[in-house]
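Novice: The structure under discussion is supplied below as structure tokens; questions concerning it will follow.
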Amino acid sequence: KKSFIDFALYVSFFPQLVAGPIVRATTFFRDLETRLIVNYESIRYSFAQILLGFTKKIVFADNLAIVVDSVFSNYASMNSIEIWTGVFAFMWQIYFDFAGYTDIAIGVARLFGFQFDINFNFPFNVTSISQHWSRWHLSFSTWIRDYIFIPLGGSKISKLRTHINVFITFMFAGIWHGAAYHFVVWGIWHSAMLSAEREYAQTGLRKFLNEKGGIPYDLFCRVFTMFCLGLGLPLFRAKTLTDAIEMLKTMLF
């Protein structure tokens, strides 16, 4: 049982307050009660991680933002290749931006004796959407898994209910990012991809291709996964759902 002061300390702990990662109370109080040693080596490591975070944010994310802002602000006058370029620039911008903030938060927290969990684990080095979510914003993806998907029944029930649970979970994920239609549709798109992948995983074709496809199949899966993720990004970044749909029309047709 924790006091109000303990609770206030947890919710106001500044390294993770503004931009994440989502630090669970069990992790925070574990390190609060058994503080890690802060020595020369840990300080060196912490400052290296903080510097890495600033590099991701200032050098990469902020410069990519110039391209992204230009494309998303003027998409009506651009062709398919230009919009795809802006979309993939945004993919890397949001990664470097958020991963940078996370590195800074983890590094600063370590200076105070706290060890936050890793939040990004090469999320684009993947061959499927589910693998992407197992590496992307882990504090968030595990939070919605544990507090929404599993309480709904997870995947331990019927096939239809599993798909419904995935749909509800990612509907929430969309609303989490903003109360706008385009965020909701973004969540629906990810739920659709995950459900389609779940169905495909149960077919004999996937098992056969995994065994016999070799490098060509692996490469195809990587490219196709990036393509599917890219299709969802206008829904996340555009100002309105109408703008996102217009961008997608140009990207696909």
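Novice: Using only the Cα atoms of the range 98-166, what semi-axes does the equivalent ellipsoid have when each is the square root of 5 times a gyration tensor eigenvalue? Give whole Å, largest first. Present the calculation step by step, with values, prior to reporting the outcome.
Specialist: Details: eigenvalues 174, 47, 10 Å².
Each semi-axis is the square root of five times an eigenvalue, giving 29, 15, 7 Å.
Novice: Let me ask something additional. Any idea of the accessible area per residue across the chain, 1.4 Å probe, to the nearest Å²?
Specialist: Details: 14130 Å² over 253 residues.
About 56 Å² of surface per residue is accessible.
Novice: As a test of the formula, what do you get for the chain when each DSSP H run with n ≥ 4 contributes -39,500 (n - 2.57) and the sum is divided by the residue count, at 222 nm and rounded to the nearest 500 deg cm²/dmol?
Specialist: Values: 12 runs with 174 residues, N = 253.
Result for the chain: -22500 deg cm²/dmol, rounded to the nearest 500.
Novice: For VAL59, VAL108, what's the largest-to-smallest order of accessible area, 1.4 Å probe? Please report the intermediate quantities before stating the final value.
Specialist: Working: VAL59 75, VAL108 30 Å².
Listed by decreasing accessible area, they come as VAL59, VAL108.
Novice: With helices defined as uninterrupted DSSP H runs, which ones in the chain have an alpha carbon span along their own long axis of at least 18 Å and mean Kyte-Doolittle hydropathy of at least -1.0?
Specialist: On the way: long enough: 40-54 (21 Å, 0.53); 80-111 (46 Å, 0.90); 159-177 (28 Å, 0.66); 181-201 (30 Å, 0.12); 214-237 (35 Å, 1.12).
Within the chain the helices that satisfy the rule are 40-54, 80-111, 159-177, 181-201, 214-237.
Novice: Principal axes first, then extents: for the Cα atoms of the chain, list largest minus smallest coordinate on each axis, whole Å, largest first.
Specialist: The Cα atoms of the chain stretch 56, 46, 40 Å along the principal axes, largest first.
Novice: Leaving ligands, DNA and RNA out of it, report the carbon-plus-sulfur percent of the accessible area of the range 42-97 at a 1.4 Å probe. Walk me through the numbers before you get to the answer.
Specialist: Working: 2110 of 3070 Å².
Taking all protein chains in place, the range 42-97 shows 69 percent carbon and sulfur surface.
Novice: Assigning unit charges at the beta carbon (Lys, Arg +1; Asp, Glu -1) and nothing else, what dipole magnitude in debye, to the nearest 20, does the range 110-203 show about its Cα centre? Numbers along the way, then the final one.
Specialist: Numbers: 7 positive and 4 negative charges, 28 e Å.
The calculated dipole for the range 110-203 is roughly 140 debye.
Novice: Give the range of the longest stretch in the chain that excludes all trypsin sites (Lys or Arg not before Pro) found in loop regions by DSSP and having at most 14 other beta-carbon atoms within 10 Å. Provide the component values of the computation, followed by the final result.
Specialist: Numbers: sites that count: LYS1, LYS2, ARG35, LYS156, LYS239.
My reading of the result: 36-155 is the longest stretch.
Novice: So for the chain, if I pair up every lysine 8 or more residues apart or on another chain, how many of those pairs have alpha-carbons under 24 Å apart? Numbers along the way, then the final one.
Specialist: Numbers: LYS57/LYS239; LYS156/LYS207; LYS159/LYS207; LYS239/LYS249.
For the chain, qualifying lysine pairs total 4.
The values are calculated or read from the model by the stated rules, or taken from the named source; none is laboratory data. What you see is a predicted model, and the numbers here were worked out from it, not measured in a lab. Cβ sites come from the backbone with ideal geometry, for glycine too, and all protein chains shown count toward neighbours. For the accessible areas, the whole protein counts, side chains as well, though only heavy atoms, and no ligand, DNA or RNA atoms are used. Shrake-Rupley method; radii C 1.70, N 1.55, O 1.52, S 1.80 Å.
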